[in-house]
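Student: I have a structure I would like to understand better, so I am pasting it below and will then ask my questions one at a time.
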Amino acid sequence: MSWITSYPATTFMPIQATEIAKEVDLLYAFLIISSLISFVILIGGMTWFLIKFKRTSPDQKSAYITHNNFAEFLWSFIPLVIMMVIFYWGMVIFEKLRVPPADIAAEIHVTAAQWAWTYKYANGKEYYSSAEDPLVVPAGKATKLILTSKDVIHSFYVPSFRTKQDAVPGRFTQLWFEPKQPGDYIVFCTEYCGTKHSGMMIKIKAVPSEEYSTWYHSEKKGADTPADKGKLAFGKYNCAGCHSVDGSRIVGPTMKGLFGSNRKFADGSTTTADENYLRESILVATAKVVETYPPAMPLFQGQISDDDVANLIEYIKTIK
Ligand code: CUA
């Protein structure tokens, strides 16, 4: 794969292609430097003590010291403060890495399977990963990936973005990033997933946002959009028999405005209707029963494909 050699390798670390990458590196540098300083103080001090206080005659004895409250307080409290600073600093960066911003320019379904990735765009563009078909995203804007796997656990890792996320069978996970500059960025699968684990290497191609828009609206690779296919599945599984799309109440809750809304359940708990909630409710509806509704929906687990579930979710997202 020739494009790998074109990857800039001028620095010790991969290039910092996102704002967050800089913050991650700063924290990492702090950890390395503070560890080095601790090492020098501890090992250096120990060595110096060994030499300076070496016993010079057989009857030489050290003073009898039981403890020192002040010294013990200091060597507990100072490390505690340093650790809390590291914890808080890490937490702030972690939250930025995990929580996508409100304005997402591209939302792409990325599905892992031994040993390749498939990407599906909202308008039906669909690609099976290879070096020739990179994951095209807009530069300077936020992209959100919705990840899942068809078989074992894989992990989507972009070193230049300093971010990674597992792709887990049976659930959705998400990852977001905003590459500052157009360019090609390597993606590794970073969870050992079998013989060709190392072959699950793809590239993200970040292009200027006008170029992305032109590309996005150019010839489609897939026939229908995931939402179109979801609408067909909605008919095929006779969902409309119990769920309206116009807000009216039939047997089950309406689909109108469902995605992203706050759900209240019969047992008093609540949740936000995200991809995982919808997935669970399609497969095992009785897991979370919406208050004032009967637990009437049959079990679809094993009756419906993962693709149909993902498409249904995309269709439900469009019913506003
Ligand atoms: Cu997929 Cu490792």
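Student: Here is a list: 47, 5, 66, 10. Which entry is modelled with pLDDT of 95 or more, of a type in the set (Ser, Thr, Tyr) and exposed (fewer than 11 other Cβ atoms within 10 Å of the Cβ)? Spell out how you get there, then give the answer.
Tutor: Working: 5 fails: modelled with pLDDT of 95 or more; 66 fails: modelled with pLDDT of 95 or more; 10 fails: modelled with pLDDT of 95 or more.
After ruling out the rest, the residue left standing is 47.
Student: Got at least one residue in segment 98-110 being within 15 Å of the ligand (Cβ to nearest atom), open to solvent by 30 Å² or more (accessible area, probe 1.4 Å) and under 21 Å from residue 317 (Cβ atoms)? Before you say what the answer is, go through the steps one by one.
Tutor: Applying the first criterion (within 15 Å of the ligand (Cβ to nearest atom)) to segment 98-110 yields 110.
From what's left, open to solvent by 30 Å² or more (accessible area, probe 1.4 Å): none.
So far as segment 98-110 goes, no, none of its residues is within 15 Å of the ligand (Cβ to nearest atom), open to solvent by 30 Å² or more (accessible area, probe 1.4 Å) and under 21 Å from residue 317 (Cβ atoms).
Student: I've got another one for you. Within segment 81-97, which residues are open to solvent by less than 100 Å² (accessible area, probe 1.4 Å) and not aromatic (Phe, Trp, Tyr)?
Tutor: 81, 82, 85, 86, 90, 91, 92, 93, 96, 97, listed by residue number.
Student: If I ask for residues that are within 16 Å of the ligand (Cβ to nearest atom) and either modelled with pLDDT under 85 or over 24 Å from residue 105 (Cβ atoms) (or both), which ones from segment 199-235 would you list?
Tutor: Matches in segment 199-235: 199, 200, 201.
Student: Select, from 125, 196, 120, the only residue that is of a type outside the set (A, V, I, L, M), buried (at least 22 other Cβ atoms within 10 Å of the Cβ) and modelled with pLDDT under 90.
Tutor: Just a single option satisfies the conditions, and that option is 120.
Student: Suppose we filter segment 148-169 for residues that are open to solvent by less than 30 Å² (accessible area, probe 1.4 Å), within 16 Å of the ligand (Cβ to nearest atom), closer than 21 Å to residue 17 by Cα and assigned to a strand (DSSP E or B); how many remain?
Tutor: Summing the residues that are open to solvent by less than 30 Å² (accessible area, probe 1.4 Å), within 16 Å of the ligand (Cβ to nearest atom), closer than 21 Å to residue 17 by Cα and assigned to a strand (DSSP E or B) in segment 148-169 gives 3.
Student: Go through segment 170-193 and count every residue that is surrounded by fewer than 16 Cβ atoms within 10 Å (Cβ to Cβ) and either within 19 Å of residue 95 (Cα to Cα) or within 13 Å of the ligand (Cβ to nearest atom) (or both).
Tutor: Going through segment 170-193 one residue at a time, the tally reaches 1.
Student: Would you check which residues across segment 252-291 are assigned to a loop (DSSP other than H, G, I, E, B) and touching a Pro at 6+ places or on another chain (Cβ under 9 Å) and list them?
Tutor: Residues satisfying the conditions are 252, 266, 289.
The values are calculated or read from the model by the stated rules, or taken from the named source; none is laboratory data. Everything numeric in this text was worked out from a predicted model, so none of it was measured. Positions of Cβ are backbone-derived with ideal geometry, glycine not excepted, and every protein chain shown enters the neighbour counts. Just the protein is used for accessible areas: all its heavy atoms, side chains included, with ligands, DNA and RNA removed. Shrake-Rupley method; radii C 1.70, N 1.55, O 1.52, S 1.80 Å.
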